[in-house]
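**Student:** Before I ask anything, here is the structure I am working with.
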Amino acid sequence: MEIVSCTDEADEQASLDVYNEVWPHDRIGLAEVHSFKASVVDHLDLIARIEGVVVGSGFAAIQPQRPELVFVLITVLAGQRRRGAGTALYEAISAWTRERGLDELEAVVADDDDESLAFALRRGFVEDRREKGVALRLAEIEPPPVEPPPGVEIVSWAERPEAARGMYEVAIEAFPDVPGWENELMEPFEGWLAHDMTGSGDRPEATFVALAGDEVVGYAKFALTDAQPTTAHHDLTGVKRAWRGRGVARALKATQIAWAKANGYEELRTRNDERNAPIRKLNKEFGYRPAIGRIYLRGPLA
């Protein structure tokens with residue numbers, strides 16, 4: 001057994017290959033990995049080898065939104081489990097976390113992966129929250145009508161690049177109201193713009209803004225990746241508190257569906273906290289069907 005830190009792009013790709021095989025529905029490319037690493041305070045990227053063969057990967061990150069804990073992904077190939085790789089990765093991440101003066105991990109497992117869930121529970125992790133996954137097959141539907149409330153228009157961010165500051169104001173109101181995100185810190189405008197809006201998977205033409213005159217009252221964006229060229233992933237759909245309940249979110253999501261279908265995408269995917277009743281109800285009305293979700297757990301160091 002050998003646990004090593006990734007020191008070059010070949011190592012990063014080996015780590016990513018394991019993640020993509022274990023999480024095929026959430027496949028990403030190295031560009032997204034690099035964007036995420038650039039957005040965090042500190043990170044650790046590991047690979048596990050047995051007799052020279054890569055069998056697992058481990059990733060840990062301290063995020064500016066939650067600097068008090070370490071976000072962790074430990075992935076081991078299905079045919080290589082129960083050989084100690086997961087435990088060795090957990091121990092290495094725990095040592096790295098302890099060196100940084102922190103003592104709590106947040107781990108994530110797919111909600112259809114009972115084996116990984118049991119691994120975490122045996123080590124003292126407890127469930128913190130769940131996100132339900134849904135998917136929309138675009139070939140099976142006609143684009144819904146885009147019907148914003150009176151006085152509101154929907155445009156792409158590419159058409160109105162000056163809307164960024166107003167979108168940030170929406171995010172300031174929306175983020176604390178999303179179940180599961182209540183305690184996350186908002187980055188200053190420049191950090192939010194760099195890390196949330198202009199990463200490798202973010203495109204102005206695939207980000208849509210709801211305007212009431214010159215006021216930004218909501219926005220919705222996709223996260224895109226070349227690793228899944230026919231699937232678009234919903235990111236935040238946010239609306240200012242004073243404008244909620246008027247159909248702004250519905251118009252934004254309808255615009256996203258129409259854009260994705262017109263641009264050759266075959267599927268839309270998203271995850272929502274199981275407590276987020278309004279957006280889950282809206283997705284169901286648009287025809288989204290259950291898909292793989294995530295379980296987030298909090299736990300101790302090894």
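**Student:** Checking GLY218 against (1) part of a strand (DSSP E or B); (2) under 24 Å from ASP26 (Cβ atoms), only one condition comes out false. Which one?
**Tutor:** Unmet condition: (2).
**Student:** Those residues that are in a helix (DSSP H, G or I) and among the hydrophobic types (A, V, I, L, M, F, W, C), I need them from segment 275-298; list them, please.
**Tutor:** ALA277, ILE279, LEU282, PHE286, listed by residue number.
**Student:** Output the residue which, of all residues in segment 180-219 that are among the small types (Gly, Ala, Ser) and over 18 Å from the mean Cα position of the chain (by Cα), is nearest to SER39 (Cα to Cα).
**Tutor:** Looking at the filtered set, the residue picked out is GLY218.
**Student:** Considering segment 60-86 alone, what residues qualify as being surrounded by 16 or more Cβ atoms within 10 Å (Cβ to Cβ) and in a helix (DSSP H, G or I)?
**Tutor:** GLN80, ALA85, GLY86
**Student:** Residues of segment 217-230 being open to solvent by 10 Å² or more (accessible area, probe 1.4 Å) and in contact with an Asp or Glu (Cβ under 7 Å, 6 or more places away or on another chain), which ones?
**Tutor:** Correct list: ALA223, THR225, THR230.
**Student:** If you check ALA242 against the conditions, is it open to solvent by 30 Å² or more (accessible area, probe 1.4 Å) and over 23 Å from MET197 (Cα atoms)?
**Tutor:** Here the answer is yes, as ALA242 does meet what is asked.
**Student:** Applying the selection to segment 40-59, what residues are β-branched (Val, Ile, Thr) and open to solvent by 30 Å² or more (accessible area, probe 1.4 Å)?
**Tutor:** The answer is VAL41, VAL53, VAL54.
**Student:** Consider LEU211 against the criteria (1) within 18 Å of LEU138 (Cα to Cα); (2) open to solvent by less than 60 Å² (accessible area, probe 1.4 Å); (3) part of a strand (DSSP E or B): it satisfies all of them except one. Which criterion is unmet?
**Tutor:** If we test LEU211 against (1) within 18 Å of LEU138 (Cα to Cα); (2) open to solvent by less than 60 Å² (accessible area, probe 1.4 Å); (3) part of a strand (DSSP E or B), just (1) comes out false.
**Student:** Which of (1) among the β-branched types (Val, Ile, Thr); (2) closer than 30 Å to LYS281 by Cα; (3) within 17 Å of the chain's Cα centre (by Cα) does VAL70 not meet, given it meets every other one?
**Tutor:** Failed condition: (2).
**Student:** Within segment 6-15, count every residue that is in a helix (DSSP H, G or I) and touching a residue at least 24 places away in the same chain (Cβ under 8 Å).
**Tutor:** 4
**Student:** When you look at SER57, is it within 23 Å of the chain's Cα centre (by Cα) and assigned to a helix (DSSP H, G or I), yes or no?
**Tutor:** So SER57 does not fit the description; no.
**Student:** Ok, one more. Which numbered condition in (1) closer than 19 Å to ARG246 by Cβ; (2) open to solvent by 20 Å² or more (accessible area, probe 1.4 Å) is the only one that PHE175 fails?
**Tutor:** (1)
**Student:** Which count do you get for residues in segment 218-277 that are among the hydroxyl-bearing types (Ser, Thr, Tyr) and within 18 Å of GLU131 (Cβ to Cβ)?
**Tutor:** Of the residues in that region, 3 qualify.
**Student:** Keeping to segment 16-39, report how many residues are closer than 22 Å to GLN65 by Cβ and either open to solvent by less than 20 Å² (accessible area, probe 1.4 Å) or in a helix (DSSP H, G or I) (or both).
**Tutor:** Summing the residues that are closer than 22 Å to GLN65 by Cβ and either open to solvent by less than 20 Å² (accessible area, probe 1.4 Å) or in a helix (DSSP H, G or I) (or both) in segment 16-39 gives 12.
**Student:** Does at least one position in segment 120-129 carry a residue that is in contact with a helix residue (DSSP H, G or I) (Cβ under 8 Å, 6 or more places away or on another chain) and either open to solvent by 50 Å² or more (accessible area, probe 1.4 Å) or among the aliphatic types (A, V, I, L, M) (or both)?
**Tutor:** Checked segment 120-129: at least one residue is in contact with a helix residue (DSSP H, G or I) (Cβ under 8 Å, 6 or more places away or on another chain) and either open to solvent by 50 Å² or more (accessible area, probe 1.4 Å) or among the aliphatic types (A, V, I, L, M) (or both).
The values are calculated or read from the model by the stated rules, or taken from the named source; none is laboratory data. A quick note: this is a predicted structure, and the numbers were derived from the prediction, not measured. When we count neighbours, we look across all protein chains shown, and the Cβ atoms used for this are built from the backbone with ideal geometry, even at glycine. We work out accessible area using only protein heavy atoms, side chains counted, and drop any ligands, DNA or RNA first. Shrake-Rupley method; radii C 1.70, N 1.55, O 1.52, S 1.80 Å.
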